Each structure stands twice: as structure tokens, then as C-alpha cells.
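Shown next, in C-alpha cells, is the structure this report addresses.
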Amino acid sequence: MGRLVVVSNRIALPDHSKNGAGGLAVGLLDALQEQGGLWFGWNGEIREITGEDEPLYTEQDKNITYAACSLTQNDYDLYYSQFSNTVIWPAFHYRLDLVEYQREAWEGYLRVNQMLAEKLYPLLQHNDVIWVHDYHLLPFAAALRLHQVKQPLGFFLHIPFPAPEVLMALPDYQEILRLMTAYDLLGFQTERDAQAFLSAITQETDVVTVEKGIYQAYGNTFRLHDYPIGVDPDSISKLAQGPLPPKMQAIRKELGDAKNIIACERLDYSKGIPERFLAYESFLEKYPEQRGNIRYTQIAPTSRGEVQAYQAIRHQLETETGRINGKYGTMSWTPLYYLNQHFDRRLLMKIFRLTDIALITPLRDGMNLVAKEYLAAQDPADPGVLILSKFAGAACELTEALLVNPYDRDEVARAIYQAITMSQSERVDRHAKMMAILQHQTITRWRETFLDDLYQILE
Ligand code: GDG
């Protein structure tokens with residue numbers, strides 16, 4: 001078997017502690033480690049001088065080579081901030097109202113994909129297989145094919161693929177679809193996403209079904225499949241059960257006897273945090289006898305802080321927290337804690353274990369790993385309850401969660417009430433059924449099934 005080459009927008013340079021890294025980075029590193037390989041991408045740095053061709057930064061760590069490049073300010077603005085995060089991200093999460101389309105950004109996006117392909121091309125070996133990740137790199141395969149690259153090229157989309165009507169709002173959607181078919185294998189989080197892609201392409205051009213899951217369009221042959229991403233439940237459980245550091249003892253005391261709701265995600269409008277605050281308010285209104293007995297902690301570290309829509313949501317949450325606490329709080333009770341901070345992963349998993357309810361209500365989400373991590377962190381004999389948006393990819397698998405429509409405040413409020421009054425036996429039963437799914441569809445199985453399919457293309 002040849003080398004594995006992983007390409008992602010951001011590259012995680014060797015982290016010798018490994019403890020701080022999230023599940024996805026560890027999962028990909030394990031694959032690279034096993035097979036030997038190359039990880040290529042942007043190092044997160046912005047270079048001052050434009051027009052100069054900077055050499056790649058490379059680093060060897062055991063049998064993994066890391067190759068990273070920086071971006072110029074202009075490339076960063078057009079390719080990353082604008083087209084990736086102000087066009088594709090909102091559109092693919094059904095937020096067309098937040099799309100700020102500019103042709104210049106589309107051109108920059110294509111140009112940076114070509115520039116990255118030019119930098120990777122000389123590093124490739126003839127028997128490599130290449131696995132490209134996420135929405136920043138939709139045209140990357142097509143850019144590599146310009147260099148006559150014949151190696152198998154796989155792509156995994158971590159975010160949802162929208163319904164055709166939504167996709168068609170993007171002026172370049174036909175070109176996006178065509179460019180994506182240059183991959184040999186297109187992987188999506190759920191069958192719903194894979195179907196949305198197929199139906200969009202079928203509306204645009206003649207698609208020939210070679211056999212189930214293999215298609216031809218625009219002169220390209222490609223495979224299409226869903227590969228729901230998972231977690232490593234055993235390592236999460238270990239982190240969650242580990243000895244409590246002194247800081248944690250204090251947190252445990254602070255959580256007190258109240259029923260504790262936890263939510264944690266990057267501060268992103270797709271995660272439905274303001275809608276969730278209002279649903280929590282609706283709960284406090286509908287069930288006034290519960291006031292004083294419940295506490296909701298929202299952890300939301302800042303992300304993409306330079307994009308305007310992210311600054312707006314941050315202000316909105318600060319205002320809403322003040323308003324809700326001002327309206328319902330008492331001298332001895334604060335109903336809502338909003339922490340705009342990044343938490344250490346080990347600490348986070350322990351907090352998950354100590355809390356009674358996870359309230360995870362994205363408006364749209366490719367998968368949502370936090371939902372899976374919360375379940376894996378629980379004590380199976382006395383687990384917490386997961387309330388989950390039906391619009392998260394995870395809802396396709398985690399049907400024993402309390403599934404809600406995140407736009408329906410009353411429904412979310414009722415689910416919170418159902419969660420705090422749920423019997424222990426029902427909690428144990430629901431948790432066990434969902435854990436069986438998590439134990440089966442792990443992060444290891446996710447990458448192995450994807451790579452098995454990708455390597456098959458070589459045969
Ligand atoms: C994209 C897709 C898809 C969050 N806050 C902290 C922290 N986190 C960690 C979580 C989890 C990860 O970040 C977030 O993963 P999600 O899946 O929930 O969401 P996205 O970041 O939007 O990821 C998503 C995913 O890709 C994988 O394919 O599931 O749908 O949008 O691991 O625990 N980690 C630490 N401190 C924090 O404060 N340490």
C-alpha cells in the first residue's frame with residue numbers, strides 16, 4: 001500500500017502532548033502514523049510579502065512528513081475569510097441571509113486552490129492516495145488534475161451539503177458541482193447530504209449510474225457515499241473519569257445540587273445559541289417552579305472573530321445573557337452562565353460527566369461531535385440526557401436522544417422538562433442504545449471505511 005497524503009486547510013503541526021488535540025486530528029494522525037504519509041496544508045500564518053514564492057515549511061515526525069505553507073493577506077481574505085467562510089459556510093448551513101458574495105472572492109478561492117495544488121504536486125509519489133478535507137478545498141482535485149495527477153483522490157465534506165434550491169443561490173454553483181466531480185470518491189456525513197449532492201448534479205447535467213454509488217458526469221467517474229464521523233468513546237470515557245484536579249473540585253461545588261445543563265461549541269451562528277437562550281427563557285416562563293433548581297452553562301470559545309457575522313453573534317449573546325439573568329436571577333441564583341472561553345479538553349470531558357443535560361441544538365450541523373462526546377463521557381449507570389437538534393447529522397444515528405426542532409422554543413422547553421424529570425432507568429436505557437451505536441461507528445471505523453473505499457480505486 002502506498003503513502004497516505006492528507007490535505008486540509010489548516011494543518012496541525014506535531015503536538016507531542018497529544019492530550020490537547022481533538023478527536024479528529026488524533027484520528028487522522030493515527031491513520032498517517034499507521035501507513036506513513038504526508039500532511040499538507042496551511043500553517044495558519046499570514047505572510048507579509050506578496051508575489052514571492054516562499055518555500056514550503058516541512059517537518060518530519062516519525063513516519064509522518066508535515067508540509068505547510070503560509071498565505072498572503074490577500075489570499076487569506078479572499079479564499080479563507082470571504083469565499084470559504086462568508087459564502088460557502090453560511091450557504092451550506094442554510095443561512096443565505098449571511099452570504100456576502102463577491103466575484104473577486106470566488107476567483108481568489110480558485111486561485112489559492114491552484115496555488116496549493118502546485119505546491120503539493122512535486123511532493124507526490126506515484127502510488128500515493130490523497131484524502132482532501134472540507135469546504136475550503138472543493139476545487140482542489142480539479143486543480144491537481146491539471147498537473148496530470150492520476151492518483152486516487154478522495155474528499156470528505158465535514159459540513160452539510162445543502163438542498164439544491166439553497167445551493168442554486170450561489171452564482172457559481174454549477175462550476176462548484178463540476179469541479180467536485182474531479183474527485184474519485186466524495187464522502188459526506190449522512191445519506192441526506194450525499195443525496196442532496198446527487199440530486200443537485202442530476203438537475204444540472206446527465207448523470208450515468210455505473211452501479212449503485214458510482215456515477216459519471218462531466219466526463220468524470222466518481223463514487224459517492226456517506227461516512228458518519230465518530231469519536232473514540234473509550235479514550236473520552238477515560239478522560240472523563242480521570243482524577244479530578246483541584247480546579248474541578250471547585251467546579252463540582254459550584255454546580256451544586258441544581259440540575260445542570262451544559263452546551264459547548266465554537267461561537268458560530270450555525271450552532272443556534274441565541275435561539276437556545278430564548279428556548280431556555282421559555283422554559284423558565286413555562287415552569288416557574290423550576291427556577292432556582294436549574295443552571296445552564298454555555299461554553300462558546302470565539303472562532304473566526306474577524307468575520308462580521310461572528311462579531312454580531314458575540315454581542316447578541318452578551319446582551320441576551322445580561323437580559324435573562326437580569327430578569328430571572330435572584331440574589332442567590334444565576335440561571336445562565338455564558339463563558340466565551342476555550343476549555344482544556346480533559347476538563348471539558350469531566351464537566352460533561354458531571355452535568356445532567358446536554359442541550360445541543362444547532363440550526364444545521366454536518367455531524368456534531370460534542371453530542372457524541374457528551375454521551376461517551378457519561379457514567380453508564382447514571383447518565384445525563386442528550387437533547388439534540390433534528391438538523392444535526394448526529395440525529396440520524398442518535399435517535400434515542402430527545403430530538404427537537406431548534407426553532408421551536410416550546411418544544412425545546414418541554415424537552416428540558418422531560419430531561420430533568422426522566423427516570424434513571426429510562427436514562428440508562430436511552431444512553432446504552434446510543435452508546436452501542438457510538439462503539440460501532442467510531443472515528444477509527446470512519447477513516448477505515450473511507451480509506452478502504454479509496455484504496456479500492458487503485459485495484
Ligand atoms: C465541523 C462540522 C462536524 C469545542 N469547544 C471546545 C472544544 N470544542 C471541540 C469539541 C469537538 C470540536 O471542538 C467541535 O466539533 P463539532 O463536530 O461539534 O463542530 P465543528 O467545529 O463545527 O466541526 C461538524 C465536525 O466538523 C467533524 O466532522 O461534526 O458538523 O461543523 O471535538 O469538543 N474543545 C476544547 N475546548 C473548547 O472550549 N478543548
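Here are some notes:
- Alpha carbon centroid spacing (whole Å) that separates segment 236-284 from segment 421-458: 23
- Accessible-area ranking of 275, 165, largest first, probe 1.4 Å: 165, 275
- Annotation: extensible slack from residue 199 through residue 252 equals 14.1 nm (criterion: 0.36 nm per residue apart, minus Cα-Cα distance).
- With Cα atoms, 0 to 90° folded angle of helix 345-354 axis to the chain main axis: 40
- Potential lengthening between residue 175 and residue 334 on full extension [0.36 nm per residue; Cα-Cα distance subtracted]: 52.1 nm
- If you take the Cα centroid of segment 54-131 and the Cα centroid of segment 171-226, the two points sit 21 Å apart.
- Carbon/sulfur fraction of accessible area - the chain, other protein chains in place, 1.4 Å, %: 49
- Heavy-atom SASA rank of 320, 54 (probe 1.4 Å, accessible area, largest first): 54, 320
- Computed per residue of the chain from DSSP H runs no shorter than four, each worth -39500 (n - 2.57), the mean residue ellipticity at 222 nm is -12000 deg cm²/dmol.
- Straight-line cross-link reach from residue 247 at under 15 Å between alpha-carbon atoms covers these aspartates and glutamates, not counting any fewer than eight positions away in the same chain: 344.
- Full extension of the chain between residue 225 and residue 59 yields a length gain of 56.4 nm, computed as 0.36 nm times the residue separation minus the alpha carbon distance.
- For segment 240-265, the residues whose amide N sits under 18 Å from a probe point set 7 Å from the Cα of residue 344 along the beta carbon direction are 240-254.
- Anchor residue 433: lysines whose Cα lies under 24 Å away (excluding residues fewer than 8 positions away in-chain): 238, 259, 350, 372, 390
- The C-alpha atoms of the chain define a longest principal axis, and helix 409-420 lies at about 70 degrees to it.
- Considering only 123, 376, 151, and ranking their Cα positions along the charge dipole of the chain that arises from unit charges at the beta-carbon of Lys, Arg, Asp and Glu, the one farthest toward the positive end is 376.
- If you plug the beta carbon distance of residue 145 and residue 35 into 1/(1 + (r/R0)^6) with R0 = 25 Å, you get a FRET efficiency near 0.60.
- Length-normalised contact order for the chain - Cα pairs under 8 Å, 6+ apart - percent: 15
- On Cα atoms only, tilt of 246-255 relative to the major axis of the chain in degrees: 60
- Packing-based ranking of 56-62, 143-149 yields 143-149, 56-62, ordered from highest to lowest mean Cβ neighbour count within 10 Å.
- Residue list for segment 374-413, given a label point 7 angstrom along the Cα-to-Cβ vector of residue 436 and an amide N cut-off under 13 Å: 399-400
- Note on residue 106: accessible area approximately 10 square angstrom, rounded to 10, probe 1.4 Å, nucleic acids and ligands left out.
- Sorted peptide list for 396-404, 182-190, criterion being average Cβ within 10 angstrom, highest first: 182-190, 396-404
- Once the 1.4 Å probe is applied to the protein heavy atoms, the chain comes out at 42 Å² accessible per residue.
- Label-point separation in nm, residue 428 to residue 308, each point 7 Å along Cα→Cβ: 5.5
The values are calculated or read from the model by the stated rules, or taken from the named source; none is laboratory data. Not measured: the values here are computed from a predicted model. FYI the Cβ positions are ideal-geometry reconstructions off the backbone, even for glycines, and counts take in every protein chain you see. Note: accessible area is taken over every heavy atom of the protein model, side chains too, but ligands, DNA and RNA are not part of it. Shrake-Rupley method; radii C 1.70, N 1.55, O 1.52, S 1.80 Å.
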